[in-house]
1. For segment 97-106, how many residues are open to solvent by less than 70 Å² (accessible area, probe 1.4 Å) and either closer than 15 Å to Asp64 by Cα or without any contact (Cβ under 8 Å) to a residue 12 or more places away in the chain (or both)?
2. Among the residues of segment 72-96, count how many are open to solvent by less than 60 Å² (accessible area, probe 1.4 Å) and under 13 Å from the mean Cα position of the chain (by Cα).
3. Across segment 137-163, what is the total count of residues that are within 16 Å of Ala174 (Cα to Cα) and not in a loop (DSSP other than H, G, I, E, B)?
4. Working carefully through the options Gly134, Gly112, find the one that is open to solvent by less than 60 Å² (accessible area, probe 1.4 Å), closer than 27 Å to Trp82 by Cα and either part of a loop (DSSP other than H, G, I, E, B) or hydrophobic (A, V, I, L, M, F, W, C) (or both).
5. Of the residues Gln79, Gln63, Gln83, which single one is polar (S, T, N, Q), touching a residue at least 24 places away in the same chain (Cβ under 8 Å) and under 30 Å from Leu100 (Cα atoms)?
6. Hey, could you check segment 137-155 for residues that are aliphatic (A, V, I, L, M) and farther than 17 Å from Tyr178 by Cβ and say which is most open to solvent (accessible area, probe 1.4 Å)?
7. Tell me, which residue of segment 20-71 that is under 17 Å from Gln6 (Cβ atoms), among the hydroxyl-bearing types (Ser, Thr, Tyr) and outside any loop (DSSP other than H, G, I, E, B) is most open to solvent (accessible area, probe 1.4 Å)?
8. Exactly one condition in (1) within 30 Å of Asp168 (Cα to Cα); (2) surrounded by fewer than 14 Cβ atoms within 10 Å (Cβ to Cβ); (3) within 15 Å of the chain's Cα centre (by Cα) is false for Gly117; which is it?
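The values are calculated or read from the model by the stated rules, or taken from the named source; none is laboratory data. Values in this document were obtained by computation on a predicted structure and should not be read as measured data. In this analysis, Cβ positions are derived from the backbone assuming ideal geometry, glycine residues included, and neighbour counts consider all displayed protein chains. Surface accessibility is based on the protein's heavy atoms, side chains included, excluding ligands, DNA and RNA. Shrake-Rupley method; radii C 1.70, N 1.55, O 1.52, S 1.80 Å.
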Amino acid sequence: TDTYIQRSAANEITFKTGASNALVLDSSQNATFSGDVSALRFDMNPGYAASAEYMSISKAQNQDGGILLKSKPTGGSGQNDWQILNHGTTGDLRFYAYGLAGNSLILDRENGNATFGGNIYLQDTVNPTIFFNGSSDAGIDMAIKATPEGLDFYEPEDTDKIHFQILDDTGVNAVFGYRLAGTEVIDTSRNLVNMGTGGFSGTVTAPVFS
């Protein structure tokens, strides 16, 4: 017959269909399927074993591989929504959005750069913040925080010292003065310094000229 269950000499149980292996259960309780597996749900490590567990997808390096997420509305047809892709040519991790018809996010395998296909929104928190840190030390060098009606450019590793602010309907607060092409032109006492020659198109009002 072409369909049967066989116990081999290696303490394996083999399920054959069409005279070919459909499923092999070995002596270590591993299961090897020869075709596709369809299941309602997949629960990995349900007993929370204290070990490092991975889901592994192996592929040829020049081929794509990943996870495809689908959905089906009530009374409608199934559709592709997302594809989480290990790109075959670059090795990058790509999040392909079918509604966008393009990559929503690309994570570069070599340098860790992130490329977004749309806008970035920081919301649902009182003070959304972006932190910046170079590789020279462990502290957070600089950060930009929404206040929320403005932006504070500050230094977390120096007791959150504010260096620069953009204020809603108020303007710019340059705490440590203002520089143009690397040269200070307004100091912290609001004095004009290192000014070259030039003219003003409007009225200049000042309490004292020296």
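1. Narrowing segment 97-106 to residues open to solvent by less than 70 Å² (accessible area, probe 1.4 Å): 97, 102-106.
Checking the rest, the ones that are also either closer than 15 Å to Asp64 by Cα or without any contact (Cβ under 8 Å) to a residue 12 or more places away in the chain (or both) come to 103, 106.
Number satisfying all stated conditions: 2.
2. Number of matching residues: 4.
3. Result for segment 137-163: 13.
4. Details: Gly134 fails: closer than 27 Å to Trp82 by Cα.
Of Gly134, Gly112, the one residue that is open to solvent by less than 60 Å² (accessible area, probe 1.4 Å), closer than 27 Å to Trp82 by Cα and either part of a loop (DSSP other than H, G, I, E, B) or hydrophobic (A, V, I, L, M, F, W, C) (or both) is Gly112.
5. Details: Gln79 fails: touching a residue at least 24 places away in the same chain (Cβ under 8 Å); Gln83 fails: touching a residue at least 24 places away in the same chain (Cβ under 8 Å).
Just a single option satisfies the conditions, and that option is Gln63.
6. Among those that are aliphatic (A, V, I, L, M) and farther than 17 Å from Tyr178 by Cβ, it is Ala138.
7. Among those residues, the one meeting the criterion is Thr32.
8. Just one mismatch for Gly117, condition (2).
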